[in-house]
Amino acid sequence: MIFNRQRDLVHILLNFASFFKHESCGVCTPCRAGNFILQRKLEKISHGLADRNDLEELRSWGTIMKATSRCGLGKTAPNALLQAVDKFGDYFATRLGTTTTGLYRAIDEHAAVADYERYKP
Ligand code: SF4
């Protein structure tokens, strides 16, 4: 795979997460649930809605998957993500939706209302 500076790292990682979630056979929980959670957390980052806890949970789930998945697919699925978070910590900090005070930088009012419309009884 060849990437240049114009590719969005989170989008690349989302592609990996989507692939591994699809390929997981689902026999063991760390891989089945972990790949799903990694994808959801990355979507949260891509929408600017993640905070530092989400980043820590990504690390934590990736570590659990590597240590406890039953086969090589689950053990290697979080590799790219874990290495990216370690090597590009500053980049991920800029992608978080919250400031150092814990407040969100912005909220998309239209998306929030659309969500309400979708789930209201
Ligand atoms: S780690 Fe292997 S056995 Fe476990 S759910 Fe993933 S693909 Fe299946």
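The values are calculated or read from the model by the stated rules, or taken from the named source; none is laboratory data. On a predicted model such as this, the values are computed, not experimentally measured, just so you know. In this analysis, Cβ positions are derived from the backbone assuming ideal geometry, glycine residues included, and neighbour counts consider all displayed protein chains. SASA here: full protein model, heavy atoms, side chains in, ligands and nucleic acids out. Shrake-Rupley method; radii C 1.70, N 1.55, O 1.52, S 1.80 Å.
Remarks
- Those residues of the stretch 37-50 which are in contact with a Leu (Cβ under 6 Å, 6 or more places away or on another chain) and either open to solvent by 30 Å² or more (accessible area, probe 1.4 Å) or of a type in the set (D, E, K, R) (or both), in sequence order: 41
- Candidate set from the stretch 1-24 (those that are touching a residue at least 40 places away in the same chain (Cβ under 8 Å) and open to solvent by 50 Å² or more (accessible area, probe 1.4 Å)); member that is farthest from the ligand (Cβ to nearest atom): 16
- Within the stretch 25-36, being aliphatic (A, V, I, L, M) and open to solvent by 70 Å² or more (accessible area, probe 1.4 Å) holds for one residue alone: 27.
- Residues of the stretch 88-104 that turn out to be under 18 Å from residue 41 (Cβ atoms) and either in contact with a strand residue (DSSP E or B) (Cβ under 9 Å, 6 or more places away or on another chain) or modelled with pLDDT of 85 or more (or both), as a count: 11
- In the stretch 77-90, of all residues being of a type outside the set (Lys, Arg) and open to solvent by 70 Å² or more (accessible area, probe 1.4 Å), the one that is nearest to residue 25 (Cα to Cα) corresponds to 83.
- Boolean, residue 40 is part of a helix (DSSP H, G or I) and of a type in the set (D, E, K, R): yes
- Number of the exception - residue 74 against (1) surrounded by 14 or more Cβ atoms within 10 Å (Cβ to Cβ); (2) on the phi > 0 side of the Ramachandran plot: (2)
- Put simply, of 41, 66, 75 the only residue that is near the ligand (Cβ under 10 Å from one of its atoms) and either farther than 30 Å from residue 111 by Cβ or modelled with pLDDT of 95 or more (or both) is 75.
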